[in-house]
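Student: Questions regarding the structure given below will be posed in turn.
The values are calculated or read from the model by the stated rules, or taken from the named source; none is laboratory data. Because the structure is a prediction, the values reported are computed rather than measured. Note that we place each Cβ from the backbone using ideal geometry, even for glycine, and neighbour counts take in every protein chain shown. SASA here: full protein model, heavy atoms, side chains in, ligands and nucleic acids out. Shrake-Rupley method; radii C 1.70, N 1.55, O 1.52, S 1.80 Å.
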Amino acid sequence: METQQILDLLKQVNDPELKESIVELGMVRDVAFADGKVTFTLALTIPGCPMKERMAADARAVLLAQDTINEVEIIYGAMSKDEVSALFNKVKKDSKPSFLAQMNRVDKIIAVMSGKGGVGKSSITGMLASSAARMGKKVGILDADITGPSIPKLFGLPPGGLRGGDAGMMPALTRGRIKVVSTNLLLKEEDTPTVWRGPLIAATIRQFWEKTLWGKLDFLFVDLPPGTSDAAITVLRNLPLSGVIMVTTPQDLSALVVKKAIHMVQQMNYPILGIVENMSYYPCPDTGNLHEIFGPSHVDQIAEMANVALSARLPITPEITAHCDAGTLESLQLDAIDQIVKQLIQ
Ligand SMILES: Nc1ncnc2c1ncn2[C@@H]1O[C@H](COP(=O)(O)OP(=O)(O)OP(=O)(O)O)[C@@H](O)[C@H]1O
Ligand SMILES: [Mg+2]
């Protein structure tokens, strides 16, 4: 039997995920035939591909249906990194726009990033979203902090609030009708630790973006984990961002590491839309004096370095902490946040 005949037979076998023939996808290699036995290598996109058994079984069924073939040996191989990315690019180009791609219209996607952890990214993401929603905008939040999600807690959303259907994932809704997607809404217990590996984190972020029924949104805010982690890079690579809001605090270390994050964003050709210095000062309720308890502000210097016109300073106040802890962030209104959102709307 000729190699071409065997390939023609194997064209009937599809990769169940990519829904294309394993031959067209370039997964069938080193085909040989001798004494009624077919041998070939099935090059997988990922070495432990869960679909491999099914593809092998389908291939065996197709081949063994021939009178001339009485044995099939399949050797599992792996595609190189370059081959995998070429394959996915081809599949992306060929595929028709999905139902979701037709339903979702997201006007501005804004990622909230920092150099250092714990500077208030998630709180600020929540406040920006709440402010935009109060101004009548349609708003969503994608919690890209997969292993340390905190958005649902800030809005008092219980775990398990995401629903899925054939069409895609339905986001949870806050009181102010902000659409939220977060791993914390997938898990049954709120404090179940999520120990995930990098590739899974990237895949989850992509799914949150691609497989969610976001509908029509004016703003989608993306809350990132701290620093220039893989998750941040996944978001920068895969989401069509309008730009990034950078959060820092007055401490020297925070100001230093935020510069690294700014460089990364600029290197990837995204604009920095604004710099927010959180916990910038404490307004003393007794005297009205502003105390710079974490040291003098660096925000102007950072904004100049990043060439950004929009910068803001947020106070450290017990109200912010209290609203974050109580899950009532939506009822907190801060002028500085409203000012930023007005600029983003323009
Ligand atoms: N300006 C502020 N005044 C008072 N408390 C604040 C302020 N900003 C943030 N907080 C408190 O600090 C906590 C931590 O902030 P948040 O979770 O937003 O930081 P983060 O940068 O997202 O952290 P991580 O890097 O872990 O994701 C919040 O729960 C909130 O209670
Ligand atoms: Mg956070």
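Student: Tally the residues that are touching a Phe, Trp or Tyr at 6+ places or on another chain (Cβ under 8 Å) and closer than 20 Å to L332 by Cα, restricting the search to the range 144-163.
Tutor: 0
Student: I would also like to ask the following. Quickly run through the range 235-249 and pick out the residues that are open to solvent by less than 20 Å² (accessible area, probe 1.4 Å), in a loop (DSSP other than H, G, I, E, B) and farther than 17 Å from A202 by Cβ.
Tutor: Within the range 235-249, T249 is the sole residue that qualifies.
Student: Moving to a separate point now. Tally time: how many residues in the range 151-173 are touching a residue at least 24 places away in the same chain (Cβ under 8 Å), more than 16 Å from ligand 1 (Cβ to nearest atom) and surrounded by 14 or more Cβ atoms within 10 Å (Cβ to Cβ)?
Tutor: So the count comes out to 8.
Student: Check A59, A86 and return the single one that is more than 25 Å from the chain's Cα centre (by Cα) and in a helix (DSSP H, G or I).
Tutor: A59
Student: For the range 89-169, give me every one of the strands (runs of 3 or more DSSP E) that falls completely inside it and has 3 or more residues that are farther than 17 Å from A231 by Cβ.
Tutor: It comes to 105-114, 163-165.
Student: So the check is Cβ under 6 Å with 6+ separation or different chains; which pairs have a first residue in the range 20-38 that's crowded, with 16+ Cβ neighbours inside 10 Å and a second one that's acidic (D, E)?
Tutor: Listed by first residue and then by second, the contacts come to I22/D15; L25/D15.
Residue-wise test of (1) more than 14 Å from ligand 1 (Cβ to nearest atom); (2) outside any helix (DSSP H, G or I); (3) acidic (D, E); (4) within 19 Å of S130 (Cα to Cα).
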{"position": "G288", "(1), (2), (3), (4)": "yes, yes, no, no"}
{"position": "F294", "(1), (2), (3), (4)": "no, yes, no, no"}
{"position": "H323", "(1), (2), (3), (4)": "no, no, no, yes"}
{"position": "E330", "(1), (2), (3), (4)": "yes, no, yes, yes"}
{"position": "V341", "(1), (2), (3), (4)": "yes, no, no, yes"}
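Student: Would you please name the residue that is farthest from ligand 1 (Cβ to nearest atom), looking only at residues in the range 308-321 that are more than 15 Å from K121 (Cα to Cα) and aliphatic (A, V, I, L, M)?
Tutor: A309
Student: Go through the range 194-235 and give me each residue that's within 10 Å of the chain's Cα centre (by Cα) and within 28 Å of K342 (Cβ to Cβ).
Tutor: F208, W209, V222, D223, L224, A232, V235
Student: In the set V235, V258, V244, which member is farther than 17 Å from L142 by Cβ, within 16 Å of ligand 1 (Cβ to nearest atom) and not small (G, A, S)?
Tutor: V258
Student: Let me ask you something else. Which numbered condition in (1) in contact with a Gly (Cβ under 7 Å, 6 or more places away or on another chain); (2) surrounded by fewer than 14 Cβ atoms within 10 Å (Cβ to Cβ); (3) modelled with pLDDT of 95 or more is the only one that K260 fails?
Tutor: Here K260 meets the rest and fails (3).
Student: Here's another thing I want to ask about it. In the range 18-42, how many residues are under 14 Å from D58 (Cβ atoms) and among the small types (G, A, S)?
Tutor: So the count comes out to 1.
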